[in-house]
Each structure stands twice: as C-alpha cells, then as structure tokens.
Amino acid sequence: MAVVDSSPSLEILAREPEGFSIWSGPPFSDGQPKAKFERVPCTSAKYSEDGSRFLVIKSDTTVCIYDSHSSIEIRSFEVPHVLAAVLSPRGTYLQSFQMPLTSKENNLILWNCDTGAPVYQQFKKGMSKTTWPLVQFSSDEAVACRLATNEIQFFDAEDFSKGIIYRLRLPGVAAMELSKTTGSHIAAFVAGSKGIPASVQIFASGKDAQSQPVARRSFFRCDTVQLRWNYGSTGLLIVVQSDVDKTNQSYYGESKLAYLTTDGSYEGLVTLRKEGPVHDVQWSSKGSEFVVVYGFMPARATVFDKKCNRLLELGEGPYNTVRWNPKGKFLCLAGFGNLSGDMVFWDYEAKKQLGTTKAELSVTSEWSPDGRFFMTATTAPRLQVDNGIKIFHHNGSLYFKKMFAKLYQADWKPEAPERFGDIVDLVQSTSSLNINETKPQGQGSKSSQPSSRSTMANPPAQKPAAYRPPHAKAAAAVQAELFGGAGSSEEMSKNASRNKKRRDKQREKKAAEAAGAASNGS
C-alpha cells in the first residue's frame, strides 16, 4: 500500500496593480505555477503568522478575511479610511488603524474575526514601524499586551472585555517586544535622557513575576534598537544603533550587538572580530545558534552558539543579509539593497559551501517553509523596473523565474516547518526532478545562473575584489599606460582607447622629429 504524503503544498501570494493571486508553489509539474486563487483587486494582502487565514484590503473602507485552505471569504469589515491592518498570529483577531479624524473617535480597533464584533478600541494619534501593531500577541495567542506612556499594559487574550488586567510601570519606555514561542517574557527599551544611559530590560510576562527585571543592559550612544527573540524565549539579541559615529568611520552611524538571556547567564556585547556596522542577524529555527553579518565591506559572517562561542566562520564578501532556512540546515548570505546581489549558499550541518549565484535588485528574500527553495523578488515602489520573482534551489541553482510589468509583493504562505518531512529526503526528491526553465525573450541573465563552483563539493571561498566606481575602470588603464604596471583586465572604454591612440601618434611624431634633427646635425 502506497504511503500518502501528508506534507502541505507550498503556495505563493503575488500582488500586482490589478490585485493579488495565489499560486501553487514548487516543484511545478510542468515548469510553471498554477493559479489557485484568481486575481482579486486589492491594495494590500497579508497572511497570519500560522498561515491559516489572510486579510485583504480591497479599498480604503473594506477589509476581508479569507480561509487559506478553502480560499473562502470568512468575513468582511467596513473600516472607513483604513491605513493599516494585521491579523493576530492564529488569525483570531483583526487589528485595524484608521486615519484619525477627531480625537473623540476611536481609530484603533481590535475585531474578533469569527463574530465580527470589536473587542477593544481606543484613540491613537499616529503609528510607526516601532509601535505597529499596537497590541502584540505571543504565537499561541496566550499573552496580549500593548505599549502605553511609561508602562506596558496586559490583557486577557481570551476576553478583552476585562480591559487591562495588570500593568508594568516603566518610565521612559519607548519600544517593546513580546517573546513569541512562548510568550513567557517581554523585552523593553528605555531611551536615555539627561545623562542617563539607555537600557534594555527583560521581564517575565506573568503578573506575579514583574517586580524586577530578569536581565538588563545599559547602553551609551544608543538611539534605536532591534530586539530579536530566539525560539524558546531564552535569549534576546539586541542590535544597538546610534545615529552618530563618534569615530567618523561611517556616515550611517554606529551599531553593535548585545545578547541577554532570561536566566541571567549572559548579559553583554557579542565580541565581533571586525570593525563596522552590524548588517543583519538571525536565529536558527532551534534557537540554539545565531548568525551575524558585520563589519565594513567586505563584511564578515560568523555563526555563534547561545553562549556566544564561535562555531563557524562563513568568510567575507559583499553581504548585508542572512537567511537561515526553517529546518536549520541551509544558510544564504546575500548582498541586497545598494549591493550587487551576490548570494552564497551553505550547508550549515555539513559545514560546507554549496554554491554561489546572483539576484540583482532584490528587495525581498525568504526561504520556503519546507526549506528547499529560496525566493527573491524585485518589487515596487522600491524599484519601478525589472520587477519579478526568482526561485532558487538550496544550492543556488536557478529553478524558476518570472518577470512582471509591476509587482508589489511576493510571499510564501506560512506553514509550520515540522509539518514537512526530513530536509534531506525533501532535497533528494527535488533533485530527482529535471525541469527545464522557461525564459521569456529578453529575460535571460547570466548573473541568474549559478557559477561553476555550485557543482563543487566544498569550494574555497574566493576573496571578493575591492569596490571600484565606474569612472575608475578607465582611469586604471590610463594610469597603467602612463606609469607602467599591469593594465586592467577589462576592456578599455572608448575615451581611454582614443586617448591612447592620440598619445601613440604624438610619441611617433616626436620620435620622427628627433630622428630628422639628428640626421640634419650630422
């Protein structure tokens, strides 16, 4: 009797100017994805954290909730002048923020998606990325809290009609982050003022355990922080950012990485072996290791354990992004944004590099929930041209590419990684497929193909060349001509070639004149 594969299928949400659609994810049976959900006009679309539901803002007054499995609309909410909306981790609640018209009207509302009734509402003058969503939930929705002036307020997540059940007084608190799995602790950032340094403190989220912080770290020259909890809520990484670099080495300010544990075993900075900013940091799915990309270009990447001991050096390169796949086996280091899109893929368990490739102009990037595929997307409004999606295998080889006239969003449907089989078996099943890529005319790119090193078992990491601005390429050839030395391996520009010919002619003319003068003198 054949064994039925109970693993869920992958899905991709893509949003264009005409609306969003949902595709079947890879591997594709005929090389192309199939539309599971036909295009629906909207201005925004977003999955819940567990992927069970997704919301769609169809206009500035209508927000709809859909069931992800059946693609059936569950409920529609009329929210005039809606500016933002988000679902709770399990899709139980919808949180909406409306344009404030009067101070007497509550414009932040928490709705029950099943009943359609508002369970909590208040007036909020404005919002920002650091304060949205206002009400934070743990992944199991057992804990709910919000940031208020000089305090953090906690609710009964099952019955918001009780109002605020207890408060954590913390003068000067500017940001907070509730641990997700589980919601046992909360991290709070208190901004510095009048000579008092800023600080990050960790408190237990239970009412009876909030008298004193379980961990604390103070920071001078700190304007903002990024708070990153691990899986299991035992460790917190803090990216500390200062707007001004006192050493004048960076125009973008100064950053450093700190680490706190809930048991108090570590409270300090993570020792990094290269000066420069902290570009990115990410925990593994197990919560026992983290990887950091840091330092002036070429940046360095290092894997640490939860005691801040170095486990693996991933070398240096033009990187500012790191993505650890949900199974914890593969890593991708990349250089996006103002970098050229270089990517290198690692097998962390085998401690070897798998391959390299490029994905220029990428705005977003993420591993698939099963850990086999890596998707990058070039989206508007960040970039108005060359919008599209690329999907790579775990070793960097290009699997699929699709271009769009304009693309706003491309997301994997969230799924729990444990719902999929062992990553080794999944990779073997994918590598047995032989799917030919279909390239629309004019969309092929050599940079999209993995280099020949992708087929090597453990290739040495090549030291990247120093950055050279475009005008310096021709200047290097001219300098070599004038002062000697090896010329540029690249072809000279038209101006450099024209100048070289002019100098050769002048040299020949002078030589002829000198020869004529010598013959006349004799």
Original post:
Across the stretch 268-282, in residue order, what do the Karplus-derived ³J(HN,Hα) couplings come to in whole Hz, using 6.51 cos²θ - 1.76 cosθ + 1.60 with θ = phi - 60° and x for Gly and Pro?
Top reply: x, 7, 8, 6, 10, 8, 9, 6, x, x, 8, 7, 7, 8, 8
Original post:
What FRET efficiency comes out for the pair Arg167/Arg273, r = Cβ-Cβ distance, R0 = 30 Å, nearest 0.05?
Top reply: 0.10
Subject >> FRET efficiency, 1/(1 + (r/R0)^6) with R0 30 Å, evaluated for Leu311 and Asp422 via beta carbons >> reply: 0.85
Original post:
Rounded, prolate or oblate: which one fits the stretch 8-102, using the alpha carbon gyration tensor with axes a ≥ b ≥ c (rounded when a/c is under 1.5, else prolate when a/b beats b/c, else oblate)?
Top reply: prolate
**OP:** Would you mind getting the accessible area per residue of the stretch 308-368, heavy atoms of the protein chains only, 1.4 Å probe, in Å²?
**Re:** 32
Original post:
Using a simple spin-label model with points 7 Å from Cα along the Cα→Cβ vector, what separation in nm is obtained for Arg503 and Lys286?
Top reply: 5.9
**OP:** Using a 1.4 Å probe and ignoring any ligands, DNA or RNA, find the accessible area of Lys306 and quote it in Å² to the nearest 10.
**Re:** 110
Original post:
According to the square roots a ≥ b ≥ c of the eigenvalues of the Cα gyration tensor, what is the shape class of the stretch 43-148, taking rounded for a/c under 1.5, prolate for a/b larger than b/c otherwise, and oblate for the remainder?
Top reply: oblate
**OP:** Give me the accessible area of Met176, 1.4 Å probe, in Å² rounded to the nearest 10.
**Re:** 10
Original post:
Could you name the aspartates and glutamates in cross-link range of Lys329, using Cα to Cα under 12 Å and dropping any fewer than eight places away on the same chain?
Top reply: Glu289, Asp347, Glu349, Asp370, Asp422
Subject >> Residue-wise HN-Hα coupling along the stretch 216-233, computed from phi with Karplus coefficients 6.51, -1.76, 1.60 (Hz; x: Gly, Pro) >> reply: 7, 8, 9, 9, 8, 6, 9, 9, 9, 9, 10, 10, 10, 7, 8, 6, x, 6
Original post:
Once Rh for the stretch 44-84 is found with the Kirkwood sum over Cα pairs, what is the Stokes-Einstein diffusion coefficient at 10 °C and 1.306 mPa s, in µm²/s?
Top reply: 154
Original post:
What is the gain in length, in nm to one decimal, between Gln32 and Lys129 on full extension, counting 0.36 nm per residue of separation less the C-alpha to C-alpha distance?
Top reply: 31.3 nm
Subject >> Debye, to nearest 20: dipole size of the stretch 261-411, +1 on Lys, Arg Cβ, -1 on Asp, Glu Cβ >> reply: 320
Subject >> Cα-projected label distance for Lys246 with Ala405, points at 7 Å along beta-carbon direction, nm >> reply: 5.5
**OP:** Sort the stretch 184-260 into rounded, prolate or oblate with this rule: let a ≥ b ≥ c be the square roots of the eigenvalues of the Cα gyration tensor; rounded if a/c is under 1.5, and if a/c is not under 1.5, prolate when a/b is larger than b/c, oblate otherwise.
**Re:** oblate
**OP:** Compute, for Trp111, the solvent-accessible surface of its heavy atoms (probe 1.4 Å) with the complete set of protein chains present, and express it in square angstrom to the nearest 10.
**Re:** 30
Subject >> the stretch 66-117-the stretch 15-40 distance, computed between alpha-carbon centres (Å) >> reply: 25
Subject >> Two-decimal Rg/Rh across the stretch 257-398, once Rg and the Kirkwood Rh are taken from alpha-carbon atoms >> reply: 0.98
Original post:
If packing is taken as the mean number of other Cβ atoms within 10 Å per residue, what is the order of 242-252, 213-223, 289-299, highest first?
Top reply: 289-299, 213-223, 242-252
Original post:
For Lys505, which aspartates and glutamates qualify as cross-link partners when the Cα separation must be under 18 Å and same-chain residues fewer than eight apart are set aside?
Top reply: Glu481, Glu513
Subject >> Net length gained if the chain between Thr182 and Ala515 were fully extended (0.36 nm per residue, minus Cα distance) >> reply: 110.9 nm
**OP:** Please work out how much length the chain gains when fully extended from Lys58 to Ser71, using 0.36 nm per residue of separation minus the C-alpha to C-alpha distance, in nm with one decimal.
**Re:** 3.1 nm
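The values are calculated or read from the model by the stated rules, or taken from the named source; none is laboratory data. Everything numeric here is computed off the predicted structure, so don't read it as measured data. Note that we place each Cβ from the backbone using ideal geometry, even for glycine, and neighbour counts take in every protein chain shown. Side chains are part of the model used for accessible areas, which takes the heavy atoms of the whole protein and leaves out ligands, DNA and RNA. Shrake-Rupley method; radii C 1.70, N 1.55, O 1.52, S 1.80 Å.
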